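Written out below as C-alpha cells is the structure these notes cover.
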Amino acid sequence: ESRPDFFTGVITVVAKLFNIIEPTHTFFGKKDAQQLRIIEKLITDLNYPIEIISSPIIREENGLAMSSRNKLLSAKQKLVASMLYESLAFCKANKDTFTIGELKTHLEKQFSEQLEVDLEYLEFVDANNLHPITVFKENDNNAVCIGAYVGGVRLIDNIIF
C-alpha cells in the first residue's frame, strides 16, 4: 500500500531483462516473499522457460534477516531490529493459541510501544497467493509479512508456516 507502483516497476524491469538475457534459471531470495511470488507469477503467466530458484532467508545471530541495509544500522539498532523476527516467530509459535486478529493486535501494540521502530505493515496472508487471511490455513500455507523502519532504514521479513 505504501508503494503502489513498486511491483509494476519490478515486473517491467525483470521482464525486460528476461527478454534480453533469455536465462534458463533465475535466483530470488525468500526474504522478499511478495517479490518472489510476483516473479513466479510473471514466469508462469508469460510462459518463460525459466526455472526460478529461491534462496532461503539467512539470519544474523539475533534473528535479523541478513540484508545489505543492515550495515546502515548501529549495533543498538540491530538489536532493536531483532523485534521483527521475534514477532514473526511469536506468530508461528502461537498460531494454535491465538486468532490472527489477536496476534495482530498484540504485535501492533508492542510495536507502538517501541519508539525506535516504525511499523509499516504486518500482514497475515496465504503463502501461495499473498491474499490476506483471517484464519490460519493448513501448514506451510500461511505467511506473516512485516515491514518496518529502524533508524530510518526500511527492513522487511517474513515467515511461512
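Structure data summary
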{"read-out": "From the options 18, 28, 7, residue that is more than 26 Å from residue 66 (Cα to Cα) and either in a strand (DSSP E or B) or of a type in the set (A, V, I, L, M, F, W, C) (or both)", "value": "18"}
{"read-out": "Only one of 16, 31 that is surrounded by 10 or more Cβ atoms within 10 Å (Cβ to Cβ) and under 16 Å from residue 128 (Cα atoms)", "value": "31"}
{"read-out": "Residue in region 40-81 that is farthest from residue 147 (Cα to Cα), counting only those that are touching a strand residue (DSSP E or B) at 6+ places or on another chain (Cβ under 7 Å) and in a helix (DSSP H, G or I)", "value": "43"}
{"read-out": "Cβ-Cβ under 9 Å pairs, at least 6 apart or on other chains, region 37-56 side within 20 Å of residue 157 (Cα to Cα) and touching a residue at least 12 places away in the same chain (Cβ under 8 Å), far side open to solvent by 60 Å² or more (accessible area, probe 1.4 Å) and assigned to a loop (DSSP other than H, G, I, E, B)", "value": "37/128; 37/129; 54/30; 55/30; 56/30"}
{"read-out": "Condition check for residue 112: more than 18 Å from residue 28 (Cβ to Cβ), more than 15 Å from the chain's Cα centre (by Cα) and of a type in the set (Ser, Thr, Tyr)", "value": "yes"}
{"read-out": "Residue in region 145-155 that is over 18 Å from residue 70 (Cβ atoms) and either open to solvent by 80 Å² or more (accessible area, probe 1.4 Å) or assigned to a strand (DSSP E or B) (or both) present", "value": "yes"}
{"read-out": "Residues that are open to solvent by less than 50 Å² (accessible area, probe 1.4 Å), of a type in the set (A, V, I, L, M) and farther than 15 Å from residue 34 by Cβ, drawn from region 100-132", "value": "100, 103, 107, 117, 119"}
{"read-out": "Near pairs, Cβ below 6 angstrom, 6+ apart or cross-chain, from region 105-131 (of a type outside the set (A, V, I, L, M, F, W, C)) to any residue that is open to solvent by 70 Å² or more (accessible area, probe 1.4 Å) and assigned to a strand (DSSP E or B)", "value": "118/149"}
{"read-out": "Output for region 40-62, where each listed residue is over 14 Å from the mean Cα position of the chain (by Cα) and not charged (D, E, K, R)", "value": "42, 43, 44, 46, 47, 48, 49, 50, 52, 53, 62"}
{"read-out": "Candidates 61, 86, 51, 40 - the one that is within 30 Å of residue 12 (Cβ to Cβ) and open to solvent by 70 Å² or more (accessible area, probe 1.4 Å)", "value": "51"}
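The values are calculated or read from the model by the stated rules, or taken from the named source; none is laboratory data. What you see is a predicted model; the values in this text were computed from it and never measured. Note: ideal-geometry Cβ built from the backbone for every residue, glycine included; neighbour counts use all protein chains shown. When the accessible area is computed, the model is the full protein with side chains, heavy atoms only, and any ligands, DNA or RNA have been set aside. Shrake-Rupley method; radii C 1.70, N 1.55, O 1.52, S 1.80 Å.
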